[in-house]
Amino acid sequence: MSAPAFRRVLLKLSGEALMGEGAYGIDRAVLDRIAGELKDVVEAGVQLAVVIGGGNMFRGVAPAAEGMDRATADYMGMLATVINALALQDALNRAGVCARVQSAIRMDQVAEPYVRQRAIGQLEKGCVVLFAAGTGNPFFTTDTAASLRAMEVGAEIMLKATKVDGVYSADPVRNPGARRYDVLSYDQALEQRLGVMDATAIALCREQNLPVRVFNISKPGILLRVVLGENEGTLMRGGD
């Protein structure tokens, strides 16, 4: 195996990625497969942090939250991310991988509170650190939380795992002629409203020049290939 291209990475994993073909919740087989992919990355010598979403359970801007107070709905979405993080921690532990959940909302009986230096220390010991509850604040997405945590722990790249194989000029399902980008600048993503991440998350990455690679997590072995430096999906970075 070739040497990893990165020493420390942050993976943004959507809650929907855990559903498999289901419409809701967590598919156990998918959860175990993803845990296996994370194990391969750790065994390759890469320090791995994860921010996980909650869209498979509840999302503050989803139709299910219509009519609710937005802050309350967002807090409910944050709690959904904790459920997902605990499930992934369990799957990693069963696979023989050290994993710790750190929550931006205090819930000491089920997760550690988020402490930056503690997170870095755990990464250096080879543990996968799962950041849950977003930023701990309503009105901010888990994409923004991922950008923030990546910078706080010194990740060299943010990996955004989705259900599509990169960023397209339009929805490839509705528009078969949509073009997939191999490389994309932060400014292009913002100006063309390509939906890579929300504007706040992209602006944070642009400010700190943090590259983001978007890829399809359902492709077997793709996470390891990405950390080994293979050209998968779309790379978003500063313009040349």
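Throughout, read-outs are computed from the coordinates displayed, never taken from laboratory work. Since the model is a prediction, treat every value here as computed from it, not as a measurement. Quick reminder, even Gly has a Cβ in these numbers, built from the backbone with ideal geometry, and neighbours come from all protein chains shown.
If we scan the stretch 169-188, do we find a residue that is in contact with a helix residue (DSSP H, G or I) (Cβ under 9 Å, 6 or more places away or on another chain) and of a type in the set (K, R)? Scanning the stretch 169-188, I find no residue that is in contact with a helix residue (DSSP H, G or I) (Cβ under 9 Å, 6 or more places away or on another chain) and of a type in the set (K, R), so the answer is no. Scanning the stretch 206-240 for residues that are assigned to a helix (DSSP H, G or I), surrounded by 17 or more Cβ atoms within 10 Å (Cβ to Cβ) and either of a type outside the set (A, V, I, L, M, F, W, C) or out of contact with any helix residue (DSSP H, G or I) (no Cβ under 8 Å at 6 or more places or on another chain) (or both) yields a count of 2. Restricted to the stretch 153-200, and to residues that are of a type in the set (K, R) and part of a loop (DSSP other than H, G, I, E, B), which residue is nearest to Q117 (Cα to Cα)? This residue is K163. Reported count of residues in the stretch 183-205, each being acidic (D, E), surrounded by 12 or more Cβ atoms within 10 Å (Cβ to Cβ) and more than 14 Å from the chain's Cα centre (by Cα), is 1.
Taking F131 as the residue in question, decide whether it is of a type in the set (A, V, I, L, M, F, W, C) and either under 26 Å from E43 (Cβ atoms) or in contact with a strand residue (DSSP E or B) (Cβ under 9 Å, 6 or more places away or on another chain) (or both). Please lay out each step first, then the result.
Working: of a type in the set (A, V, I, L, M, F, W, C): yes; either under 26 Å from E43 (Cβ atoms) or in contact with a strand residue (DSSP E or B) (Cβ under 9 Å, 6 or more places away or on another chain) (or both): yes.
In short, yes.
Looking only at residues of the stretch 17-28 that are under 21 Å from D165 (Cβ atoms) and hydrophobic (A, V, I, L, M, F, W, C), we find that the one that is nearest to the chain's Cα centre (by Cα) is A17.
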